[in-house]
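S.K.: Just passing along the structure, written as structure tokens.
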Amino acid sequence: MLLSKRELSLAALLLALGSAALWLQWADDASKAPGRAGERRPDYIVEGLSVVTLDAEGLPERRLDALRLRHYPDDDSSELDEPVLKLFDAAALRWRARSVRAWINARGDEILLEQDVRLQRAATAQSAPITLRTSELLVLPEVDYAETARDVEVEREHDRLSATQGLRAWLGGETRIQLFGSVRARVDQPSRPEGQGL
């Protein structure tokens with residue numbers, strides 16, 4: 001049975017439409033496939049995260065709270081929204097860090113705080129309160145250490161320090177901070193009683 005020109009044209013058109021539909025279906029499936037280049041998909045999401053790590057005596061050592069956690073199976077890392085990290089010493093709060101978001105490696109021993117980062121220590125018997133501000137801060141909570149290569153500002157009571165190439169900070173025991181790049185300081189002298197000269 002021979003087909004007319006009209007029937008052949010119609011068959012060719014239907015074949016072209018079918019091929020286009022199959023190609024579109026394949027492209028849509030490929031775009032949804034896990035592991036697509038440039039796209040990561042979490043395997044689970046936790047809302048309202050709160051995790052406490054205890055020391056050998058059962059006292060709180062670290063606490064991590066976040067609005068949301070997304071875990072990624074490709075490298076076992078996690079991303080956090082609005083994280084708050086607290087470091088304790090003998091159950092007393094020593095340092096508090098917060099940021100807009102954070103990344104945690106697979107072992108959980110590296111936390112990269114990002115966007116509007118603040119690291120604060122309350123006043124102690126030996127020292128005034130300290131507030132550190134930067135845009136990115138890597139914290140190693142197990143060894144009480146933090147560092148950044150970004151611009152940073154450190155405030156201690158009325159004293160201000162700033163550095164253009166970041167800092168390294170040892171947070172355990174006696175706090176030590178090393179600043180890099182161009183460093184500026186403004187130190188307020190304690191006020192003297194009236195009538196006293198220099």
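S.K.: Would you be able to say whether some residue in segment 109-128 is more than 17 Å from the chain's Cα centre (by Cα), open to solvent by less than 60 Å² (accessible area, probe 1.4 Å) and in contact (Cβ under 8 Å) with a residue 40 or more places away in the chain?
M.R.: Just the residues of segment 109-128 that are more than 17 Å from the chain's Cα centre (by Cα), to begin with: 121-128.
Filter once more, so that each one left must be open to solvent by less than 60 Å² (accessible area, probe 1.4 Å): 121, 127-128.
Cutting the leftovers down to in contact (Cβ under 8 Å) with a residue 40 or more places away in the chain gives us 121, 127.
Among the residues of segment 109-128, at least one is more than 17 Å from the chain's Cα centre (by Cα), open to solvent by less than 60 Å² (accessible area, probe 1.4 Å) and in contact (Cβ under 8 Å) with a residue 40 or more places away in the chain, which makes the answer yes.
S.K.: Can you report the number of residues in segment 145-186 which are in a strand (DSSP E or B), more than 22 Å from residue 123 (Cβ to Cβ) and among the β-branched types (Val, Ile, Thr)?
M.R.: 2
S.K.: Just to be sure before I move on: is residue 99 surrounded by 15 or more Cβ atoms within 10 Å (Cβ to Cβ), under 20 Å from residue 44 (Cα atoms) and of a type in the set (S, T, N, Q) in the structure I sent? Even if it seems obvious, please write down each step before you answer.
M.R.: Details: surrounded by 15 or more Cβ atoms within 10 Å (Cβ to Cβ): yes; under 20 Å from residue 44 (Cα atoms): no; of a type in the set (S, T, N, Q): yes.
In short, no.
S.K.: Just to be sure, is residue 97 small (Gly, Ala, Ser), free of Cβ contacts under 8 Å to residues at least 24 places away in the same chain and out of contact with any Asp or Glu (no Cβ under 9 Å at 6 or more places or on another chain)?
M.R.: Values: small (Gly, Ala, Ser): yes; free of Cβ contacts under 8 Å to residues at least 24 places away in the same chain: no; out of contact with any Asp or Glu (no Cβ under 9 Å at 6 or more places or on another chain): yes.
Considered against the rule, which asks whether it is small (Gly, Ala, Ser), free of Cβ contacts under 8 Å to residues at least 24 places away in the same chain and out of contact with any Asp or Glu (no Cβ under 9 Å at 6 or more places or on another chain), residue 97 comes out as no.
S.K.: When both residues are 6+ apart or on different chains and their Cβ atoms are under 9 Å apart, which pairs have a first residue that lies in segment 57-77 and is within 15 Å of residue 43 (Cβ to Cβ) and modelled with pLDDT of 90 or more, and a second that is open to solvent by less than 40 Å² (accessible area, probe 1.4 Å) and hydrophobic (A, V, I, L, M, F, W, C)?
M.R.: Hits for this filter: 68/49; 68/80; 69/49; 69/80; 69/104; 70/80; 77/104.
The values are calculated or read from the model by the stated rules, or taken from the named source; none is laboratory data. Owing to the predicted nature of the structure, the values given are computational and were not obtained by experimental measurement. All Cβ positions, even for glycine, are placed from backbone atoms using ideal geometry, and neighbour counts span all protein chains on display. Remember, those area values only see protein heavy atoms, side chains included, never the ligands or the DNA or RNA. Shrake-Rupley method; radii C 1.70, N 1.55, O 1.52, S 1.80 Å.
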